[in-house]
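*Asks:* Please see the structure below; I have some questions.
Derivation of every value follows stated rules applied to the coordinates shown; laboratory data play no part. Only a predicted model underlies this, so the values are computations on that prediction, with no experimental measurement involved. Counting neighbours? That spans all protein chains shown, and the Cβs are built from the backbone with ideal geometry, glycine included.
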Amino acid sequence: MILKELQLLTPELSLLVFALLVIMLDLFIKQKKVLVVVSIAGILVSAGFTLSLWGIHATDILYAMLSVDQYALLFKLIFLVAAGLVILASQDYISKFAQFQSEYYALVLISALGMMLMAAAQDLIAVYVSLELSSISLYVLASFLKDQKSTEAGLKYLLLGAVSSAVLLYGMALVFGLTGHTCMPCIADSLKGMPISNIMQSPALLMGLILIVAGFGFKIASVPFQMWVPDVYEGAPTPVTAYLSVASKAAGFAVILRVLFVVFGATAWLSQDWGLLIAVLSAITMMVGNVVALSQSNIKRMFGYSSIAQAGYLMVGLAAVGMAAGSDALGRSGLLFFLMSYTFTNLGAFIAIIAISNKLNSDQIEDYTGMSKRAPLLAIALTLCLVSLTGLPPTAGLIAKIYIFNGAVNHGLLWLVIIAVINSVISAFYYFRIVKVMWMGAPASEEKVPSTWALRVALSLCCLFVLLLGVLPAGFMGIAQAAVKIFTGS
Amino acid sequence: MPYQIPWLIFLLPVCSLLIIAFILRPFFNNRPKLGGYVTIAAISTACALSLWVLATVIAAPGHKLDIPDFQWLVIGNLNVHFGLLIDSLTAVMLVVVTIVSLMVQIYSQGYMDGDSGYHRYFAFMSLFTACMLGLIMADNLVLMFLFWEGVGLGSYLLIGFWFHRPSAANAAKKAFIVTRLGDVGFLVAILLLFAQTGTFDTEELHALAIAGTLGGTVLTWVAIGIFSGAAGKSAQFPLHVWLPDAMEGPTPVSALIHAATMVAAGVFLVARFHPLFEHSEVALTTVAIIGGFTAIFAASMGLVMTDIKRVLAYSTISQLGYMMLGLGTGGVAIGIFHLFNHAFFKALLFLGAGSVNHGTGTFDMRQMGGLRKAMPWTYATFLIGSLSLAGIWPLSGFWSKDEIVASALDKPILFYIAMLTVFMTAFYMFRAIFLTFEGEYKGGAPAEHGSHGPNNSYGPHESSKVMVIPLVILSVLSVFSGWLNVTGAFSSFMGHGGEVEAHGFIQGFFGVLSHPVPLISLAVAALGVFLAYAMYSARWISAEVMGRIFKPMYVLFSRKYWMDELYENVIVKKVLINGVFAVLGLFDEKAIDGAINGVANGTVAAGRELRRLQTGQLQFYAMFIVLGLVAITVCYYIFA
């Protein structure tokens, strides 16, 4: 029994072992390159274990705290891929904190561990603990540069994160108080047992729902909990920003989808209730993200607002899940496909930015002028990712939007899709402004932009997947559909 | 046969394209011959596999192979899949395309020798062949349309291959734009079909049309839309104007794309969706009438052209019209049989014209003459091609042309048109032969004309072996390919088994001469040959005198019925540029730009204002979270 559970935990355990190994090795080893190899090895081993469990029948472990199922496994793989790509891409950046490399790698691995547990968490307590595990690592990572901006970013992230954690806990407490359970399926069962009129008239339950949505809203950067995003994105080391923008957001969506669907999807009425709430928040989030991004001159801040806008599109999918009330899986699988697409696209863009800003020592968009001549491959890759973020063929971004929008239209959210499409048009303006300055301007200097092979490998992988998901989506969609199958039972 | 084989046929030219573009061009640019070898290796393998597929299809029950689908995109009820439809029509087309393509690639090694764009040429040829193979194997309309545009792209790139010549660049644009006009109709038909039936799948659409679920006016409009796409690609009246100009491309390109395969894609498309046409009398009649009219209309212009490639171009348009006529009156087997034969002899004729050009440096027949002795192989093969095209018994063109003429028998007007076209065809082909190969050599090209390396200092000379061998192979096919249907085997393979009376080979071979229709058409063709002989070889009749007598007609034909002028000066300049575009431009400038700029400025201004909320103050951020929470809660309780 114990052995069986340990076997199901091998992805997490192996990652933990390697994270500790990185810290220990740092004490004895002079050649710090070894640490990168060990970290990447840890990720590969963990990914290997994850794949060895692939296709498993959903199993509860640790007294139903965690559930090992296809949904969790897919997210684990996404986090591992993101962490691996970020570590590879950090090689061009690492000189800024060379002394503390081992801590950096270990923290990236541990936060990934936290996210993996989040995706598997099946109990509100487990959700909260794993959330904190990943968040605290990220607070430290955000302030890793130790200059004024980075410290400020870390501190803001920590304090606002604490506020949101408190909000989340209040919400969980209310739900626990009403139903007497912290385990998600048990809460759902108990809600199903209540008469609908009771649920409708229960302010505590609805307040709990709102507070929980707000708590995760912070994590996924939804309005009105998005204020931290631009400041933290700008101040944090660029690889950490990349990591925050994809892995942390994906983890937020992994949990919020599970909580909302399993707990609050218990009755169709409740499900459509939060569906509408998310839909309204999604519309505002898209508008704010895109409109404010228009007037940014710093590329990292711009990507901060862009990531808010992308969260808005993802929430369109989430709203579709709510409105569907379990009747079809299009919204859920679309959401997962969008997350896969967004992970590769946004990471690809950030990896190119890491290389370019490193050389320029600037994050100003105007300094990217003529980059196609100084770094043609980086410029091509960044252009491809921007095209994907806009949602144009032949990239992943287009197919992802098609899936999500289609799911929303099928469940009476046509108005939201219209807003989302208008927003896509607005977003083209600021994404393509970067493309324009890169390709049409004359460069300020002819100096080439250097990049390490590790970064190039990471960037090529991202671009490859952006194209693969865009050209041959059916296989990836199949994976997403298999992952959300675990929910169809409830 | 493993089901991967058809996929492999498609992937082979794709691979040769990728190898040339990403390996040979960047790293082996100093060894251009490699590009030709890679392409020929890929296409000869594809050709062998196509023959295997053909053999398998002949043996298969129902002449159809089941190839598992490959899911591409599934959104809700919309299921777009990559699938292959391998039936008798596809198998025949595969063989035609790969054989002609192989011959053309081998020939191109000699023709393009020394050209600075050698790699680029073979890369584009591979691209075109891949798209063409994809088009004929696709099992749904989406994929078909993709490759349909792909062959259009290949054609555009190859017509404009010598893009530094303005005439080539313009011809490429013209070809692309004119065929695009037809494609609009095709696209509308695809969307209409999907809206009506919810499927893109070819066979499902066939079944719906046969069952009558898809019928009436909708079916007619769909069929006409499909035909408009086909008319664009196959250069049917009134969209024929691009094909003669497309002769600006290298001659092997004209042989492959603008004679044997791509222009035949229109005919293939109508054949592929023939069950839809069969259930709409209007559409089928439209196909027959447009086809018949194009046949005679283009042939009349071919009578007076002085450029040998243009004669062949008008002949191609005319023969494509024939095929359409055959599809409209007789059915798939008849139209495709002519396509099959035509591909070989017309490719042969174009390659022969290229060989002549290689020897003399010109395409102008007035500067040729007497080449029979200097270029015996080219002459012999060109003569075989011409006899076949003119429909002389027992060469291949006779058999398919005879079927088309016979099938038009119950529509008297179309029948007379077909007969008249037979006469014209024989006349213009033998006019070309007598002008080019007989009489005295008139000196070839003036010095500045030689665009790609023919060496005039030696006088006219036979082309190299690498060019002559494809000519010989194609001439053998031009003699014998028509014999496949002497016993009715081809027709029954194409699915007309019930209607065709099967008979022995000898009986069919000679018995056909006992029927009146083939005899009349043979006599008419012979008359055409004789008239050409009398005018251009024996000179019993002076061509100048004839020209003066029929002056109005001569001018009409040689000015191409003023169609180019009509399109350019009247429709494009007067109606579109000065009329429609001017009004739209004004609307765009004032109304649309105004609105867009207004919205854009408003959005940017909103962004600037909203940005002010981002104060950087932590207390304010925390307060915003709390206020946001309160706002959500209040709204929630008010509205829920």
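*Asks:* What distance in nm separates the simple spin-label points at B:Thr306 and A:Leu16, each placed 7 Å from Cα in the Cβ direction?
*Replies:* 9.2 nm
*Asks:* Right, something else. Identify all lysines with a Cα-Cα distance to A:Lys4 below 18 Å; exclude those on the same chain that are fewer than 8 residues away in sequence.
*Replies:* Here the lysines satisfying the reach criterion relative to A:Lys4 do not exist.
*Asks:* How far apart, in nm, are the 7 Å Cα→Cβ label points at A:Ile125 and A:Leu472?
*Replies:* Computed distance between label sites A:Ile125 and A:Leu472 equals 4.6 nm.
*Asks:* Using a Debye calculation, one point per C-alpha and no hydration shell, please list log10 I(q)/I(0) for the protein assembly as shown at q = 0.06 Å⁻¹ in order.
*Replies:* -0.60
*Asks:* Against the 2.2 N^0.38 Å scaling, with N counting residues, where does segment A:267-490 land? I'd like the Cα-based Rg ratio to two decimal places.
*Replies:* Cα Rg divided by the expected 2.2 N^0.38 Å: 1.07.
*Asks:* Evaluate E = 1/(1 + (r/R0)^6) for A:Leu3 and B:Trp7, where r is the Cβ-Cβ distance and R0 equals 41 Å; express this FRET efficiency to the nearest 0.05.
*Replies:* The calculated FRET efficiency here is 0.35.
*Asks:* Further, regarding this structure: Given an 8 Å cut-off on Cα distances and at least 6 residues of separation, report the relative contact order of chain B as a percent.
*Replies:* Relative contact order here is 11 percent.
*Asks:* Which of the residue pairs A:Lys373/A:Lys401; A:Lys30/A:Lys149; A:Lys219/A:Lys300; B:Lys233/B:Lys346; B:Lys233/B:Lys560; B:Lys401/B:Lys551 have a Cα-Cα distance greater than 24 Å in the structure shown?
*Replies:* The pairs that break the limit, which is 24 Å between Cα atoms, are A:Lys373/A:Lys401; A:Lys30/A:Lys149; B:Lys401/B:Lys551.
*Asks:* Follow-up. On each of the three principal axes of the Cα atoms of segment B:307-389, give max minus min coordinate, whole Å, ordered largest first.
*Replies:* So the three principal-axis extents are 44, 21, 15 Å.
*Asks:* Here's a follow-up. Where Lys and Arg each count +1 and Asp and Glu each count -1, what net charge lies around A:Ala162 among other residues with Cβ under 12 Å from its Cβ?
*Replies:* On the way: positive: A:Lys156; negative: A:Glu132.
Charge balance in the 12 Å sphere: 0.
*Asks:* For segment B:534-626, which trypsin sites (Lys or Arg not before Pro) are both in a DSSP coil and crowded by at most 10 other Cβ atoms within 10 Å?
*Replies:* B:Arg612
*Asks:* Also: How large is the helix-only mean residue ellipticity at 222 nm for chain B, computed as the sum of -39500 (n - 2.57) over DSSP H runs with n ≥ 4, divided by its residue count, in deg cm²/dmol to the nearest 500?
*Replies:* -22000 deg cm²/dmol
*Asks:* While we're on this one: What's the longest piece of chain B with no exposed GluC sites (Glu not before Pro), counting a site as exposed if DSSP puts it in a loop and it has at most 12 other beta carbons within 10 Å?
*Replies:* B:1-439
*Asks:* Next question, about the same structure. Need the full-extension length gain, B:Leu181 to B:Phe22, defined as separation in residues times 0.36 nm minus the C-alpha distance. One decimal, nm.
*Replies:* Extra length from B:Leu181 to B:Phe22 when fully extended: 53.9 nm.
*Asks:* In the neighborhood of A:Ala482, defined by Cβ-to-Cβ distances under 15 Å, what is the net charge if each Lys or Arg adds +1 and each Asp or Glu adds -1?
*Replies:* Values: positive: A:Lys76, A:Arg332, A:Lys485; negative: A:Asp69.
Here the count lands on +2.
*Asks:* What's the FRET efficiency of B:Ile520 with B:Ile577 using the Cβ-Cβ distance as r and R₀ = 51 Å, to the nearest 0.05? List each step's numbers first, then the result.
*Replies:* Numbers: r = 50 Å, r/R0 = 0.97.
Between B:Ile520 and B:Ile577 the formula returns 0.55.
*Asks:* Ok, one more. Could you point to the residue in A:Ile110, B:Val466, A:Leu25 farthest towards the positive end of the protein assembly as shown's charge dipole, with +1 and -1 charges on the Cβ of Lys/Arg and Asp/Glu respectively?
*Replies:* After comparing all options, I get B:Val466.
*Asks:* About the Cα centre of chain B, what is the dipole size in debye to 20, counting +1 per Lys and Arg Cβ and -1 per Asp and Glu Cβ, all else neutral?
*Replies:* Roughly 1540 debye, rounded to the nearest 20.
*Asks:* From the mean inverse distance of alpha carbon pairs (Kirkwood) and the Cα radius of gyration, derive Rg over Rh for segment B:281-321.
*Replies:* For segment B:281-321, the value is 1.13.
*Asks:* Pop the C-beta distance of B:Ser464 and B:Ser116 into the FRET formula with R0 = 30 Å and round what comes out to the nearest 0.05.
*Replies:* 0.95
*Asks:* When the label point is put 7 Å from the Cα of A:Leu44 along its Cα-to-beta-carbon vector, which residues of segment A:442-482 have a backbone N closer than 20 Å?
*Replies:* Residues A:452-465 qualify, since their backbone N sits under 20 Å from the label point.
*Asks:* A further question on this structure: What are the lysines whose alpha-carbon lies under 24 Å from the alpha-carbon of A:Lys33, with same-chain residues fewer than 8 places away excluded?
*Replies:* Qualifying lysines at Cα under 24 Å: A:Lys96, A:Lys146, A:Lys359.
*Asks:* How much length is gained on full extension from A:Glu103 to A:Met194, taking 0.36 nm per residue of separation minus their Cα-Cα distance? Mind dumping the intermediate values first?
*Replies:* Working: separation 91, 0.36 × 91 = 32.76 nm, distance 4.95 nm.
My answer for the length gained is 27.8 nm.
*Asks:* Okay, next question. One quarter of the convex hull surface, Cα atoms only: what value does that give for segment A:1-262 in nm²?
*Replies:* Spelled out: convex hull of the Cα atoms, projected over all directions, averaged, 14.3 nm².
*Asks:* What number, in nm² with one decimal, is the all-direction average of the projected area of the convex hull of the alpha-carbon atoms of chain B?
*Replies:* Details: hull surface 153.7 nm².
About 38.4 nm², averaged over all directions.
*Asks:* I'd like the trypsin sites (Lys or Arg not before Pro) in segment A:29-72 restricted to DSSP loop residues with at most 16 other Cβ atoms within 10 Å, sorted by number.
*Replies:* Sparse-neighbourhood loop trypsin sites (Lys or Arg not before Pro): A:Lys30, A:Lys32.
*Asks:* Still on this structure: What distance in nm lies between label points placed 7 Å from Cα along the C-beta direction at B:Lys173 and B:Ser537?
*Replies:* Simple spin-label model gives 4.4 nm for this pair.
*Asks:* Here's another thing I want to ask about it. Using C-alpha positions alone, give me the convex hull volume of chain A per residue in cubic angstrom.
*Replies:* Measuring per residue, one finds 126 Å³ for the Cα hull of chain A.
*Asks:* Which of the listed residues, B:Tyr314, B:Leu339, B:Leu141, is farthest toward the dipole's positive end in the protein assembly as shown, when Lys, Arg count +1 and Asp, Glu count -1 at the beta-carbon?
*Replies:* It is B:Tyr314.
*Asks:* Same structure again: Rank A:Ser372, B:Val583, B:Val97 by how far each Cα sits towards the positive end of the charge dipole of the protein assembly as shown (+1 on Lys, Arg Cβ; -1 on Asp, Glu Cβ) and give me just the farthest.
*Replies:* A:Ser372
*Asks:* On to the next question. Provide the net charge surrounding B:Val267, with neighbours chosen by a C-beta distance below 14 Å and charges set as Lys +1, Arg +1, Asp -1, Glu -1.
*Replies:* +3
*Asks:* So what is the relative contact order for segment A:1-262, in percent, with contacts set as C-alpha pairs under 8 Å and at least six apart?
*Replies:* Once divided by the residue count of segment A:1-262, the mean separation gives 20 percent.
*Asks:* If you don't mind, there's one more thing I want to ask. Can you tell me which lysines have their Cα less than 17 Å from the Cα of A:Lys485? Leave out same-chain residues fewer than eight positions away.
*Replies:* List returned: A:Lys76.
*Asks:* With charges only on Cβ, +1 for K and R and -1 for D and E, what is the dipole size of segment A:267-490 about its Cα centre, in debye, rounded to 20?
*Replies:* The calculation lands at about 320 debye.
*Asks:* Here is a further query. If you put +1 on each Lys and Arg Cβ and -1 on each Asp and Glu Cβ, how big is the dipole of segment A:1-262 around its Cα centre, in Debye rounded to 20?
*Replies:* 300 debye
*Asks:* Please state the equivalent ellipsoid semi-axes for segment A:305-381: what are the square roots of 5 times the Cα gyration tensor eigenvalues, largest first, in whole Å?
*Replies:* Equivalent-ellipsoid dimensions as semi-axes: 36, 12, 8 Å.
*Asks:* If I fit a long axis through the Cα atoms of helix B:308-329 and take the longest principal axis of the Cα atoms of chain B, what angle between them do I get, 0 to 90°, rounded to 10?
*Replies:* 70 degrees
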